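Structure, as structure tokens:
The numbers here are math on the coordinates, done by the rules we state, and not lab data. These numbers come from a predicted model, not from an experiment. Using ideal geometry, Cβ is built from the backbone for each residue, glycine included, and neighbour counts are taken over all protein chains shown.
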Amino acid sequence: MPVRIISVPPAQMPPESPPNESEWIACPTVCREWFGNGPIRCSQSGMPGLSGSAVYRVWRPAFRQQFVLKSFGHRTVAHAVWVHRLMRHLRNEGIHQVPEVMPVGCFGLSPGPVTVAENTLATAGDGSHWELIGFMPGSATDHPTLEQATLALETLARVHVVAAQMPGEPPHHGMSPGHLQRIEQAEQMLHVPWHVRRRAIQMPGVESTLASLWDRAETIFAEADGTAALKHIVRLRPAPLLLQAVLRDIWSDHCLFSQGGGDGSAPDQPANEMQLTGMIDFHAAGIDTPASDLSRLLGSWHPPTPAVQASFLEVWREPLAAYQRVRPLQPLERAMVPFLHATAVIFSLDNWFRWTLEERRTFPDIQRVYARMNRLLEHLPIAIEYVKENDSAGGERCSQSRLTSRNRHL
């Protein structure tokens, strides 16, 4: 029997507790574009994300309402407008796990002079663009039960079906932008390998953990013959796939679960039934193959039952079956999932080295960055092996070719 999805609008959820008084901070001035001079409280509590985007939790005490205020980082206004259009479309079609985008001035206020982009974005004094969205209850996990994984993939399938119906964005066939980007990145890594880039970095002053991670990566890459994997990626010619609006950054941190029932939120729901209460952070959404979302989400989870060796898709057979009951996968789409996952392990490491060592970016929680890099390094050998044994984009050379169930991409 498929896991039943309970779509409960956030307004019907039991209210979450407000931030503790010790966590309250001065609210960003841009908040006033939505709340005017009304009483609000803000906090930056909780685990910071990896993107570096500023995120605030906003509490409206008089109405026991909570929201999330977030900047769009370096993304363009046009992209932010498109993202909000997608989110509104998904919610309007009944997918209430998508946060509600709050229009500027929605609390009976007149939009201020800094309002831009269809009345859902505001610009702060430094030129950054901000959104206010409804707070979604629940907790994320990277060790989902089969029930949780099934709920998430069934909902993701609904998101893909509805997103394909977004006005002005009809699905079309073409080469996956994510796959083309991987080819380009492989060419760059072949042209300037890691060991060459390492010599160009002024290592004195570099944090010792980062230097150690780079050394470990070079050793693993050489022993597994990563160069052969890169050459194979460059030789592959992407086959046309169905392209449509997808999330592109749907991973374990962005799926929220709650135990529901027994609180009046859903009268027909048995007590303690699991719910997927939120799919959050749509800022990276764009046009690509739905297989990219599946590889991103499945690769971010630990399998519920470890196995010595199992293919990437077989480990998640039940959740994938739930997805396909809603949206059947084409054979090439299905085959692309482990291919995109394995290549993401290689190129995510390359991205992190570029951001941390070459561009010297700063991150709100560097320990989380180190943890992610360590996990990628742990699975780098099997990812390289898989890519080398892949005959065509997404197709396995041998049915016995396996990705261990431990192989993850976060």
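Below, the figures for the structure above:
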| quantity | calculated |
| --- | --- |
| Residues S53, S300, sorted so that the one with the fewest Cβ neighbours within 10 Å comes first | S53, S300 |
| Calculated FRET value between H172 and H143, using beta carbons and R₀ = 30 Å, to 0.05 | 0.20 |
| Which of E218, E33 has the fewest Cβ neighbours within 10 Å, and the rest in rising order | E218, E33 |
| Exposure proxy order (Cβ contacts within 10 Å, fewest to most) of R334, R64, R182 | R64, R334, R182 |
